[in-house]
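For reference, the structure is listed below as structure tokens.
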Amino acid sequence: QVQLVESGGGLVRAGGSLRLSCAASGRTFSNYAMAWFRQAPGKEREFVAAINGNGGSISTADSVKGRFTISRDNAKNTVALQMNSLKPEDTAIYYCAARFGGRISGIARGYAYWGQGTQVTVSS
């Protein structure tokens, strides 16, 4: 089992920045690929970014490319999502997810472990 706890969400104006963090516990963190997904009201869960176990492979959704950066610290068992130039359409609940094996995926059903989510609201 892997337990994931997100933090760092909040309310920010358009153009602002937020940094989300996800703390993992329970297993060898570097054995897991990590990802961020988001879900806006009335919409399906959407892939945001993913990073493999050693941090050497990253995938980012086109909708956030150039604005959001995913990173991980295996010594601290954390993964972060730095979000810059935020837009109102970035408003959603952001979820941290983990999948064993280290390879990244942009598909939500590929991740067995999920955090409870953190709300990000961007005002215009």
field: Positive-end extreme of charge dipole, region 48-124 - chosen from W114, L86, F100 (charges on Cβ)
entry: F100
- request: Report the accessible area of E46, computed with a 1.4 Å probe over the heavy atoms of all protein chains in place, in Å² rounded to the nearest 10.
  value: 70 Å²
- request: Taking the Cα centre of region 1-95 as origin, sum charge times position over the Cβ atoms of Lys and Arg (+1) and Asp and Glu (-1), and report the length of that vector in debye to the nearest 20.
  value: 140 debye
- line: With +1 on the Cβ of every Lys and Arg and -1 on the Cβ of every Asp and Glu, the dipole magnitude of region 43-88 about its Cα centre, in debye rounded to the nearest 20, is 100 debye
query: Leaving out same-chain residues fewer than 8 places away, which lysines sit with a Cα under 19 Å from that of K43?
result: K87
- line: Note to self: with every protein chain in place and a 1.4 Å probe, region 35-86 gives an accessible area per residue in Å² of 48 Å²
message: Can you list residues from other chains, or at least 5 along the same chain, whose modelled amide H is less than 5 Å from the amide H of G10?
response: V120, T121
Inter-site label distance for R109 and N84 at 7 Å from Cα along Cβ, in nm: 3.7 nm
statement: Counting only DSSP loop positions in region 46-124, the trypsin sites (Lys or Arg not before Pro) whose Cβ has at most 15 other Cβ atoms within 10 Å are K65, R67, K76, R103
- prompt: For the chain, which whole percent of the accessible surface, found with a 1.4 angstrom probe, sits on carbon and sulfur atoms?
  reply: 46 percent
- prompt: Label-point separation (nm) for E46 and S17, each offset 7 Å from Cα along Cα-to-Cβ?
  reply: 2.2 nm
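The values are calculated or read from the model by the stated rules, or taken from the named source; none is laboratory data. Keep in mind that this is a model prediction, so the values were computed, not measured. We place every Cβ from the backbone using ideal geometry, glycine too, and count neighbours over all the protein chains shown. Calculation scope for accessible area: heavy atoms of the full protein, side chains included, ligands and nucleic acids excluded. Shrake-Rupley method; radii C 1.70, N 1.55, O 1.52, S 1.80 Å.
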